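The values are calculated or read from the model by the stated rules, or taken from the named source; none is laboratory data. Predicted model, so just to flag it, every value in this text is computed and none were measured. Cβ coordinates were reconstructed from backbone atoms using ideal geometry, including for glycine residues, and neighbour counts include every protein chain displayed.
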Amino acid sequence: MRRLQAADRETGRTTREAVARIDDLQAAVETVIKGKPEAVRLAIVTLIAGGHLLVEDVPGIGKTTLAHALARALDCDFQRIQFTSDLLPSDVIGLSVFNQHKGVFEWKPGPIFANVVLADEINRTTPKTQSALLEAMAEGHVTVEGMTHPLPSPFIVIATQNPIEHHGTYPLPESQLDRFMLRLRIGYPDSEDEKRILRDRERAEPLDALRAVMSGEHIRELQRSVTEVSVDDALVDYLMRIVSATRDTEMLDLGVSPRGTLSLFRAAQALALTEERAYCVPDDIKRLVVPVFAHRVVVSSRFSSSLRRSEEAEAVLREIMKTVSVPI
């Protein structure tokens, strides 16, 4: 009994320390991203869950700024890749260059070899270059000319794209979308928050004053802590009923993949940890279904509407959620 009580106290102490670091990170990012605590929290959930983030919204909302703010608040290597139509896979992952003095080929790593990688306007590059990210995002390494090169840890890709601009863009295929743990939209700020944004940038750029509050080792510790968050069997069954519903409904041509199931499971654990809980509750899953699943499903043409594809998927998922009983 004493050993169990000591273990409980240790778990509580570890959880409080983790939450303190997460709160510091959230506060730091929110000095730049005003009035969007949910978007910042979901970005942090993706980071500590070991996933990748897709930020999809109209221009000027702060997609790239969110990625920059998160990167600056972390004491980690950061690289930005501006995706364009003429970008090559080797521009992303690197290539072997012949050294004339030594008479051998030497590996020159590309910008993908960083802890935080901003893939800016990812849908502006060709499918061939987009596919250069697939192995890196799924397996944490890249293979070039038969040689496998591990990526640094932690590793997160934060990609941005404009959902309403089609000229000169290449929509991400389902295989690419499925590798993003979450997709989020930031949305327009309200008038008061926008006024604060104007005042904050009146004389200086808030990003310039942002300092790192978390190291790579802290992130790895948080990622280990996430895996220790308890998920009751009833919640797993609840999650699986939602997943099965996406595969059985006539409204969707493509349901959620097993990778998507695991993404929701891990994201729910991370969300619970951010709220100082060592266990998940049904609201964790309900809160994450849309950001984790909406970009993975394909709405049937028979049920398409005037909404954009992403909004159609969100509407269908919300309807599905109404039909799945919540564990008590």
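May I ask you to verify whether Val226 is modelled with pLDDT of 95 or more and under 30 Å from Pro152 (Cα atoms)? Against the criterion (modelled with pLDDT of 95 or more and under 30 Å from Pro152 (Cα atoms)), Val226 qualifies.
Got at least one residue in the stretch 1-10 being in contact with a Pro (Cβ under 9 Å, 6 or more places away or on another chain), surrounded by fewer than 22 Cβ atoms within 10 Å (Cβ to Cβ) and either at pLDDT 95 or above or in the same structural domain as Glu221 (by TED's automatic domain parsing) (or both)? Checked the stretch 1-10: no residue is in contact with a Pro (Cβ under 9 Å, 6 or more places away or on another chain), surrounded by fewer than 22 Cβ atoms within 10 Å (Cβ to Cβ) and either at pLDDT 95 or above or in the same structural domain as Glu221 (by TED's automatic domain parsing) (or both). The residues of the stretch 92-137 that are in contact with a strand residue (DSSP E or B) (Cβ under 6 Å, 6 or more places away or on another chain), of a type in the set (S, T, N, Q) and either part of a loop (DSSP other than H, G, I, E, B) or under 22 Å from Pro152 (Cα atoms) (or both) amount to a single one, Ser96. Please go through the stretch 55-74 and pick out each residue that is of a type outside the set (Gly, Ala, Ser) and crowded, with 16+ Cβ neighbours inside 10 Å. Result: Val55, Glu56, Asp57, Ile61, Lys63, Thr64, Thr65, Leu66, His68, Leu70, Arg72, Leu74. Quickly run through the stretch 263-294 and pick out the residues that are surrounded by 22 or more Cβ atoms within 10 Å (Cβ to Cβ), touching a Gly at 6+ places or on another chain (Cβ under 9 Å) and either among the aromatic types (Phe, Trp, Tyr) or not in a helix (DSSP H, G or I) (or both). Phe293, the sole residue that qualifies.
Of the residues Arg241, Arg302, only one is at pLDDT below 95 and assigned to a helix (DSSP H, G or I); which?
Arg302
Of the residues Leu47, Leu87, the single one that is surrounded by 17 or more Cβ atoms within 10 Å (Cβ to Cβ), in the same structural domain as Glu192 (by TED's automatic domain parsing) and touching a Ser or Thr at 6+ places or on another chain (Cβ under 6 Å) is Leu87.
Under the condition of being surrounded by fewer than 21 Cβ atoms within 10 Å (Cβ to Cβ) and more than 30 Å from Glu30 (Cβ to Cβ), the residues counted in the stretch 136-175 number 20.
Leu95 falls short on exactly one of the conditions (1) in contact (Cβ under 8 Å) with a residue 40 or more places away in the chain; (2) surrounded by fewer than 19 Cβ atoms within 10 Å (Cβ to Cβ); (3) touching a helix residue (DSSP H, G or I) at 6+ places or on another chain (Cβ under 7 Å); (4) not aromatic (Phe, Trp, Tyr), and that condition is (3). Scanning the stretch 40-85 for residues that are closer than 17 Å to Pro189 by Cβ and of a type in the set (S, T, N, Q) yields Thr64, Thr65.
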